[in-house]
Amino acid sequence: MTDKLLRLAIMISGRGSNMEAVIKSVDQGLLNVKLAVVISNNPEAKGIDVARKYKIPVYVFEIKDYKSKDEYEKAIVKLLYEYEAGLVALAGYMKIVGPVMLRAFKDRIINIHPSLLPAFKGLKAQKQAVDYGVRYSGCSVHFVNDTLDGGPVILQEAVPVDIDDTEETLSSKILKYEHILFSQAIKLYSENRLKIVNNKVKII
């Protein structure tokens, strides 16, 4: 990579709290990337207003407006190319990424997930952890591949689970670490310090 800043695209479906944490990291000089574009699949996402507040270009793509998921993703990829995105960060993007995006951005899509992967994949990971009665859960940042929440793990942070934790209280505890971990992973990527070897991430 040249000395040109990494251009970061962020994809959201909801309130965008992880996105806002990344934006603040950039504003505070902790993360040296260019916030290129924000994409949402949900026109009602509260995160859209957050992105606009920080004057980041925002685009909404609704899958119902396209003939197929492939066409939907082709439109997104076209926009990502136009904004010269070097990394795509899924910050609460509630759709499974398909082959079109995976091919176009191979090893350049990362996701934040509220569990210690490979435990508790998919939706409601915090509720899964509480229901199972684990002593620790946490969050993971990983590269995205064609397996749900199954790509190589970049960083993880463990969070104790108390016996009286609920889905809501555990979610709140984990979220604080998500906000830190996501920016750390993006920083490592932007500094060319991540290498995938045998489906494991080596931090250089």
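The residues packed around residue 20, meaning those with a beta-carbon under 13 Å from its beta-carbon, carry a net charge of +2 if Lys and Arg are +1 and Asp and Glu are -1. Treating the angle as unsigned and between 0 and 90°, give the value, to the nearest 10°, between the Cα long axis of helix 167-190 and the longest Cα principal axis of the chain. Here the helix axis deviates by roughly 40 degrees. Counted residue by residue at 0.36 nm each, then reduced by the alpha carbon distance between them, the extension gain from residue 62 to residue 203 reaches 47.2 nm. In terms of Cα to Cα distance under 20 Å, which aspartates and glutamates are near enough to residue 78, apart from those fewer than 8 places away along the same chain? Partners within reach: 62, 65, 70, 107.
If you wrap the Cα atoms of segment 110-204 in a convex hull and average its projected area over all directions, you get 5.9 nm². Distance between the modelled labels on residue 136 and residue 46, one decimal in nanometres: 3.1 nm (7 Å Cα→Cβ projection). Near residue 46, the amide H atoms lying under 5 Å from its own belong to 15; only residues 5 or more places off or on other chains count, and H is placed 1.01 Å from N. Using just its DSSP H runs of length 4 or more, each adding -39500 (n - 2.57), the chain gives a mean residue ellipticity at 222 nm of -10500 deg cm²/dmol after division by all residues. When its C-alpha radius of gyration is set against 2.2 N^0.38 Å (N residues), the chain gives a value of 0.99. Cα centroid separation, segment 120-166 to segment 21-76: 24 Å.
For the chain, the longest principal axis of the C-alpha atoms and the axis of helix 17-27 are separated by about 60°. Ordering of 175-186, 143-154, 52-63 by packing is 175-186, 143-154, 52-63, highest average first (other Cβ atoms within 10 Å, averaged per residue). In the structure shown, the pairs 121/200; 4/173; 173/202; 46/173 are assessed against 24 Å; a Cα-Cα span above that value is assigned to 4/173; 173/202. Amide H contacts of residue 109 (H built 1.01 Å from N, in plane; Pro and chain starts excluded): 88, 144 sit under 5 Å, all sequence-distant by 5 or more or on other chains.
Can you give the FRET efficiency for residue 96 and residue 193, using 1/(1 + (r/R0)^6), R0 = 35 Å, r = Cβ-Cβ distance, to the nearest 0.05? That gives a FRET efficiency of 0.80.
To the nearest ten degrees, helix 69-82 and the longest principal axis of the Cα atoms of the chain are 70 degrees apart.
All of the numbers you see were taken from the coordinates with simple rules; none came from a lab. Remember, predicted model here, so these are calculated numbers, not experimental data. Here Cβ is always computed from backbone atoms with ideal geometry, including for glycine, and neighbour counts include all displayed protein chains.
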